[in-house]
Amino acid sequence: MDYFRFKNKIFHGVFILFVIALVRSIVDSFLNFNSFTASDSGWQLSEFLINYEGGFYRRGLLGQLFFWGVKYLHIDLLLSVKIFSLVFLAIVCGFFIRQFRLKNYPWQLLTLCFFLGGTIFYGNWIRKDCLMMACFILIMSMYNRPNINQWAKFILINVVAIFIILTHELFCFFALPILFLLIMKDFQSKSWIRSAMMAGVCLLPSFIASLLMVILHGNQETADAIYASWNILGPENALENMPFEIAAIGWKTLPAFLFHIRNNFLYVDNKILSTPVWCLIFPTVYYIAVQFLSVFKKKNSDFSTEKQTLLSSVILFQFLCLSPVFLVLCCDYARVFFLWIASSFTVFLLTPASVLKNVFPSKYKQKVAQINLWFTRMLPPSRTLVGMLMLIIGICPACFFIKETYQTTVIYQDLYVLFEPFKLLLPYIQ
């Protein structure tokens, strides 16, 4: 028993150090991300510059609000973006911490690079991801509140969904399909076609907004107009050159697809091809996410086998929905992993098990159970195994680079925090 407690204390201490590393990363990016065009901060910050000054195109709503804030209220754009992002990071972190405490789940999973850690490292929290997740949490909370009129609920869901779809189209992939299934369940009838039609009607405004964002994706003229709009506001808001995210609005579809495929799967860094690495990372993330609550549960009643199957079903479904993003639409894997796992746990935490078990077809749940059984036979889950995998799992924030991958691991960040004080003493020792 003493040895078991000792291991628990070591495990707890390891992740306390990791939390310190995450907080240090937040402070560092808040203080040092000061350019919309620099290589280390440009992708993150420039997301908020995309506006409607070049026409009604994707991702422009939030940027237009910031544009009006600078133009009419003379707000400090850089500081406003940072504070805005920090508020939504706090909301998302607070939600998951509270839910895990209410469910009596261990908190360490939340810190990992495919969960909240993924949106913290390399300043990824200064993006629209936490806003998207906060809106998804709000939508799922509204959906699961029984005291709201059903049609009023659907109207509110569409209002929030359309707002965030006009802010970033990634929301369509992880939010609308699972909402569609949940609403289908609400209109269960003898004909699944009728249920699907009713769910489609309920989410029709959101689907139309999604389709518009596909059609109105922008071009080079759009990017040029957006870039010029910020320079018109005066020298304090002028951009030295076109920011990365604004330039991406002007990309053509096929070259963009090929660019993402090449950088995600055909990139070689330090003589290592990216594809085999991702083939190891994806199943490892799934294994940790599914097995963690099972092996680290405090009581058997906290996380039953049925709950594990439901969680697995949601995680795999969300992965299928986001697979186009993983394959051809994005290189920023850290953010996509965060949206994948965080959205899955949002659904799992907020939706009662009695509801979730009726959402997915029985054949699908049987396949999920078979996949879990295969993983269990190949790698029998234990605290030691899952804990070791948690220490070494890493995800490159964008594209594929070995250095950035191992820098997001728990073991690297803990060693960095432990030896940072000694680095300060080195000049005096030498």
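Bear in mind that the values in this text are calculations on the coordinates, not laboratory data. Only a predicted model underlies this, so the values are computations on that prediction, with no experimental measurement involved. So basically every Cβ, Gly included, is an ideal-geometry build from the backbone, and we count neighbours across all protein chains shown.
Applying the criteria of a DSSP loop state and at most 11 other Cβ atoms within 10 Å to the trypsin sites (Lys or Arg not before Pro) of the stretch 276-347 yields 298, 299.
Here the relative contact order of the stretch 203-310, from alpha carbon pairs under 8 Å that lie six or more residues apart, stands at 16 percent.
What separates the Cα centres of the stretch 65-123 and the stretch 375-420 is a distance of 23 Å. When each full DSSP H helix of the chain is screened for a Cα extent of at least 20 Å along its own axis and an average Kyte-Doolittle hydropathy of at least -1.0, the helices passing are 2-32, 77-102, 129-143, 150-167, 170-186, 274-295, 305-324, 333-350, 362-378, 410-429. The dipole here belongs to the chain: it is taken about the Cα centre, uses +1 on the Cβ of Lys and Arg and -1 on the Cβ of Asp and Glu, and is about 2020 debye.
Note that the stretch 14-114 carries a Kirkwood radius of 15.8 Å, evaluated over its alpha carbons pair by pair.
Residue pairs exceeding 20 angstrom between C-alpha atoms, taken from 103/298; 297/363; 103/357; 82/423; 103/307; 9/297: 297/363; 82/423.
A straight line joining the Cα centroids of the stretch 199-236 and the stretch 337-368 runs 31 Å.
Amide H contacts for residue 218 (H built 1.01 Å from N in the peptide plane; partners 5 or more residues away or on another chain; cut-off under 5 Å): 58. The largest-to-smallest principal axis extents of the Cα set in the chain are 78, 67, 42 Å. Ranked for footprinting exposure by Cβ neighbours inside 10 Å, fewest first, 338, 115 give 115, 338. Taking 0.36 nm per residue of separation and subtracting the current Cα-Cα distance, fully stretching the chain between residue 75 and residue 147 would add 22.0 nm. Considering only 241, 264, 158, the mean-square fluctuation computed in a Gaussian network model of the chain, springs between alpha carbons under 10 angstrom, is largest for 241. Relative contact order of the stretch 14-420: 22 percent, from C-alpha pairs under 8 Å at least 6 residues apart in sequence.
Exposure proxy for 374, 251: other Cβ atoms within 10 Å of each Cβ, ordered fewest to most, give 374, 251. In a fully extended conformation the segment linking residue 221 and residue 198 would gain 4.3 nm over its present Cα-Cα distance, using 0.36 nm per residue. For the stretch 1-136, the relative contact order works out to 28 percent when only alpha carbon pairs closer than 8 Å and six or more residues apart are counted. Here the Gaussian network model covers the chain, with springs between Cα atoms less than 10 Å apart; of 173, 348, 84, 84 fluctuates the most. The aspartates and glutamates whose alpha-carbon is closer than 12 Å to the alpha-carbon of residue 7, local same-chain residues fewer than 8 away aside, do not include any residue. Label positions at residue 155 and residue 403, each projected 7 Å from the Cα along the C-beta direction, are separated by 5.5 nm. Placing a pseudo-label 7 Å from each Cα along the Cα-to-Cβ vector at residue 68 and residue 367 gives an inter-label distance of 4.5 nm. Within the same chain, lysines fewer than 8 places from residue 153 are excluded, and of the rest, those with a Cα less than 18 Å from its Cα are 185. Within the listed set 410, 328, 355, the residue fluctuating most in the Gaussian network model of the chain (springs between alpha-carbon atoms under 10 angstrom) is 355.
Modelled spin labels at residue 426 and residue 262, positioned 7 Å past Cα toward Cβ, are 3.7 nm from each other.
Annotation: the residues 185, 82, sorted from fewest to most other C-beta atoms within 10 Å of their own C-beta, follow the order 185, 82.
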